[in-house]
Amino acid sequence: MAETPLTQNIQPDREPLALRDYQRAGGYQALRKALQEMDPQRIIAVVKDSKLRGRGGAGFPTGTKWSFVPQGEDAPQRKYLVANADEMEPGTFKDRLLMEGDPHQFVEALIISAYAIGAQTVYIFLRDEYRLAARHLERAIHEARAADLLGRDILGSGFAVDLHIHTSAGRYICGEETALLNALEGRRAIPRAKPPYPQQAGLWGWPTVVNNVETLCNVPHIVNRGAEWYRKLSRTEDGGTKLFGVSGHVNRPGCWELPMGTSMRELLEEHAGGMQAGYRFRGVLPGGGSTPFLVAEHLDLPLDFDHLAQAGSRLGTGTMVVLDDRTSLLGFLGNLEHFYAQESCGWCTPCRDGLPWVERVLAALARGEGQPGDIEMLHRHTRFLGPGKTFCAHAPGAMGPLESALKYFPEDFEAGIRQPVRTTLEAG
């Protein structure tokens, strides 16, 4: 049976473990080990050796990101750790499961990670709709603080850190870490120019690390059991397990912790129970709404960062959105592009003006009122709004599903072009 360290304490029919029960299950042992047996550089090295990559979408190596934070006597003395718990990617619900189901795991992860980078303050940037997660996290933070696992001189180590929950107003652009930091500072949520990167100058100008919830929750298990154990959980080069989700017309939509490198076919057919009766698989967004389509020929690919990139898509958040043969592709895409158009921060012209234009053209095609040249225009927009043409990755992400749909499903677009009315004379 595969190990499931991230979800081993989560049962959907019960409340999350309180502090005493979490400790009985082995909780906070990793914190004790980190503070009493390891220095920060050793923790960073172990996380780097584990091949943990960011679970928020980009997949950047976590230990490498941490190593960019200045250390030593000459380094800035104030540092921050920020957990991105906004989870606005369409089709994604994995971080919600972790925060609602095992909040102490997340709290322990935050304390260890803060110790590793030398942060004295941690902010949880939490999606407003996650009210239950907020209540569970507040209780866990209160219990940890009362047990001297949080605050000053934790476990007699001399290390001090505190946690704060910041309820987000809710913008997709806050998935971009510098836009998140601007929002956390009380400013407009727009991306910042880089460099400098947040690890050198982030929140209020101080070194800051921004990590995803799932990414951070791996840290206690890596510290406890080592990098080699973590690497062996995976079926490919990327270390560890992954929370994979499936939504759409499948028999058992949901979220499962599986080895990194599990195939899409196994996820779809064994865990999600296959397609519902009367529905046929057409394609899938493998990692949330901003990842390019893959089709039946890709179902046996391992779900990891490199294999999906080689196939022209991205692992993203690891949450599949399935397209079936009874759902309008143009309606599916139009709904996505409407979301991305609404969520543009408006900072750069291609994104601000291009996405609403794409949305309008898709709507016309869905009504069968498309004009000759519309398909070519959509192709041009996938280039004009693609990588390197906008200030951040928002518009390129929105173009991923569109560009791949134009490649794999051209007949759907062609069917949306209005046919010219033929006169009686022409018909004769």
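So L17 ticks every box in (1) assigned to a loop (DSSP other than H, G, I, E, B); (2) modelled with pLDDT of 95 or more; (3) closer than 30 Å to N335 by Cα but one. Which box is left unticked?
Every condition holds for L17 apart from (3).
Among the residues of region 47-56 satisfying the criterion of being surrounded by 22 or more Cβ atoms within 10 Å (Cβ to Cβ) and out of contact with any Pro (no Cβ under 8 Å at 6 or more places or on another chain), which is modelled with the lowest pLDDT?
Filtering first and then ranking leaves G56.
Per-residue answers, yes or no, for (1) crowded, with 24+ Cβ neighbours inside 10 Å; (2) part of a helix (DSSP H, G or I):
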| site | (1), (2) |
| --- | --- |
| P90 | no, no |
| L98 | yes, yes |
| V107 | yes, yes |
| I124 | yes, no |
| A134 | no, yes |
| R139 | no, yes |
| A144 | yes, yes |
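More than 20 Å from A58 (Cβ to Cβ), basic (K, R) and not assigned by TED's automatic domain parsing to the domain that holds E89: does that describe R252?
Against the criterion (more than 20 Å from A58 (Cβ to Cβ), basic (K, R) and not assigned by TED's automatic domain parsing to the domain that holds E89), R252 qualifies.
From E100, E143, grab the single residue that is within 19 Å of L31 (Cα to Cα), assigned by TED's automatic domain parsing to the domain that holds E185, out of contact with any Ser or Thr (no Cβ under 9 Å at 6 or more places or on another chain) and touching a residue at least 60 places away in the same chain (Cβ under 8 Å).
None of the other options fit; the residue is E143.
May I ask you to list the residues in region 57-84 that are assigned to a loop (DSSP other than H, G, I, E, B) and buried (at least 20 other Cβ atoms within 10 Å of the Cβ)?
Passing the criteria: G57, G59, V69, K79.
Would it be correct to say that T390 is touching an Asp or Glu at 6+ places or on another chain (Cβ under 6 Å), touching a residue at least 24 places away in the same chain (Cβ under 8 Å) and surrounded by 16 or more Cβ atoms within 10 Å (Cβ to Cβ)?
Taking the combined requirement at face value, the residue does not satisfy it.
Considering only residues that are of a type in the set (S, T, Y) and either under 30 Å from D325 (Cβ atoms) or out of contact with any Ser or Thr (no Cβ under 7 Å at 6 or more places or on another chain) (or both), which ones fall in region 214-266?
Residues satisfying the conditions are S234, T236, S247, T262, S263.
Kindly state which strands (runs of 3 or more DSSP E) lie completely within region 235-306 and contain at least 3 residues that are farther than 26 Å from A398 by Cβ.
Strands (runs of 3 or more DSSP E) meeting the threshold: 254-259.
Kindly indicate whether any position in region 63-82 is at pLDDT below 95, more than 21 Å from G240 (Cβ to Cβ) and touching a Gly at 6+ places or on another chain (Cβ under 7 Å).
yes
Any idea which residue in region 312-353 is surrounded by the most Cβ atoms within 10 Å (Cβ to Cβ), counting only those that are β-branched (V, I, T) and touching a strand residue (DSSP E or B) at 6+ places or on another chain (Cβ under 7 Å)?
Ranking the candidates gives T317 first.
Within the set of pairs 6+ apart or on separate chains, which have a first residue in region 52-80 that is in the same structural domain as V219 (by TED's automatic domain parsing), a second that is of a type in the set (D, E) and at pLDDT below 95, and C-beta atoms under 8 Å apart?
Short answer, once both residue conditions are applied: R53/D238; G57/E89; G59/D238.
What are the residues in region 245-272 that are touching a Pro at 6+ places or on another chain (Cβ under 9 Å), without any contact (Cβ under 8 Å) to a residue 60 or more places away in the chain and small (G, A, S), if any?
If the condition is that a residue be touching a Pro at 6+ places or on another chain (Cβ under 9 Å), without any contact (Cβ under 8 Å) to a residue 60 or more places away in the chain and small (G, A, S), then G261, S263, A272 are the ones that fit.
The values are calculated or read from the model by the stated rules, or taken from the named source; none is laboratory data. Here the structure is a predicted model, which is why all the values come from computation and not from measurement. Counting neighbours? That spans all protein chains shown, and the Cβs are built from the backbone with ideal geometry, glycine included.
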